[in-house]
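A.B. asks: Please read through the structure below; I'll follow up with questions.
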Amino acid sequence: MKPARSKKKVDHPHSWDELANGQWVSESIQTRLDEWCPKLFGYHLLKLGGLSCELTSCNCNIQHQVNLDLKNPLHNVIADRYELPFLEKSFDAIILSHQLEYAEDPHRMLREVDRVMMDDGYLILTGFNP
């Protein structure tokens, strides 16, 4: 099996404007997210990455929402996405929008997401590669 880890440095986008057709992709994801957000239940929601931060989740039942990114101005937490500064099993839902394509080590990122997500939590994962 081919490893998912990449040795080359990939610059990941922090805004939808940095992607080709980014606005259209954002609107498509937002339409689906608007359908799913009212169905989510819990106390804490994590939006990981700048693209996730720009998606709105105002009709979500989860009131406490954390936006984590390094360069997006909408963040309220600045941290490394491979070493999240949260306790284990502390988030009920996590939105991970187009982060795995630009990750140097996507398995490590998913392990870290699994560490901070509740056992019956929701992971909303979007990406280009089916």
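A.B. asks: Would you work out the charge dipole size for the chain about its Cα centre, treating the Cβ of every Lys and Arg as +1 and the Cβ of every Asp and Glu as -1, and quote it to the nearest 20 debye?
C.D. replies: 400
A.B. asks: If the limit is 27 Å between Cα atoms, which of Lys39/Lys71; Lys7/Lys71; Lys9/Lys39; Lys7/Lys39; Lys8/Lys47 go over it?
C.D. replies: Violating the 27 Å limit, Cα to Cα: Lys39/Lys71; Lys9/Lys39; Lys7/Lys39.
A.B. asks: Ranked from the most accessible area to the least, with a 1.4 Å probe and all protein chains present, what is the order of Thr126, Thr56?
C.D. replies: If we order Thr126, Thr56 from most to least accessible, we get Thr56, Thr126.
A.B. asks: Whole percent per 5 Å bin, from 0 to the bin with the longest distance: what is P(r) over all C-alpha pairs of the stretch 84-123?
C.D. replies: 7, 26, 29, 25, 13, 1
A.B. asks: In addition: Classify the stretch 1-119: rounded, prolate or oblate, from the alpha-carbon gyration tensor (a ≥ b ≥ c, eigenvalue square roots; a/c under 1.5 rounded; otherwise prolate if a/b is larger than b/c)?
C.D. replies: Here the stretch 1-119 falls in the oblate category.
A.B. asks: Under the rule of at least 5 residues apart or a separate chain, name every residue whose amide H is placed under 5 Å from the amide H of Leu123.
C.D. replies: Ile94
A.B. asks: For His75, tell me the accessible area in Å² from a 1.4 Å probe, rounded to the nearest 10.
C.D. replies: The value for His75 is about 50 Å².
A.B. asks: Considering only Leu96, Leu51, Leu87, give the residue with the highest GNM mean-square fluctuation for the chain, with springs between Cα atoms whenever their separation is below 10 Å.
C.D. replies: The residue that fluctuates most here is Leu87.
A.B. asks: DSSP loop (so not H, G, I, E, B), at most 11 other Cβ within 10 Å: list which GluC sites (Glu not before Pro) in the stretch 39-130 pass both filters.
C.D. replies: Glu83, Glu88
The values are calculated or read from the model by the stated rules, or taken from the named source; none is laboratory data. Owing to the predicted nature of the structure, the values given are computational and were not obtained by experimental measurement. Heads up, the Cβs are rebuilt from the backbone with ideal geometry, glycines too, and the neighbour counts pull from every protein chain shown. Surface accessibility is based on the protein's heavy atoms, side chains included, excluding ligands, DNA and RNA. Shrake-Rupley method; radii C 1.70, N 1.55, O 1.52, S 1.80 Å.
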